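> What follows is a single structure, and I will ask about it in a moment.
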Amino acid sequence: MQEDRPRIEIEYCNQCGFLLRAGWMAQELLRAFEDELSEVAIRPGSGGNFVVRLSGDVLFSRKTEGRFPEAKELKQLIRDRIESERRFGHDERDPV
């Protein structure tokens, strides 16, 4: 059932013009986790925020980290919480 799946929320600063970045990130996350997530919501905020939450828990905060998240980084953070055995490609192979 879809309500049992995790929900992503991306809060962006509308005063700073972060909407396009939030939309692009939402698209990347939906592409990667379309069968695992119930939804990806984009919510306007203020104060320079760009916060990504998974089921209410903060995964990434631009203010805390001092930078924007990379798509790969967010995908790995989400994967580690909801599907830890999943791999995204050759760049995640275990070192030899």
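> Over region 2-82, what is the percentage of antiparallel beta bridges among all DSSP beta bridges, to the nearest 5? All intermediate terms of the calculation are to be shown ahead of the outcome.
Numbers: 9 of 16 bridges.
Given both bridge residues lie in region 2-82, the antiparallel proportion sits at roughly 55 percent.
> Moving on to the next point. Any chance you could run the full-extension gain for ALA41 through ASN14? It's 0.36 nm times the residue separation minus the Cα-Cα distance, nm to one decimal.
Here the segment from ALA41 to ASN14 would lengthen by 8.3 nm.
> Determine the sum of side-chain charges near GLY48: Lys and Arg each +1, Asp and Glu each -1, restricted to other residues whose C-beta is under 14 angstrom from that of GLY48.
Here the charged neighbours net out to +2.
> Moving on to the next point. When the chain is fully extended, how far beyond the present Cα-Cα distance does GLU28 get from ASP4, taking 0.36 nm per residue of separation?
Contour length minus the Cα-Cα distance gives 6.5 nm.
Values quoted throughout were computed directly from the atomic coordinates according to the rules given, and no laboratory measurement underlies them. Every value quoted in this text rests on a predicted model; they were computed, and no experiment measured them. Cβ atoms come from the backbone with ideal geometry, glycine included; neighbour counts cover every protein chain shown.
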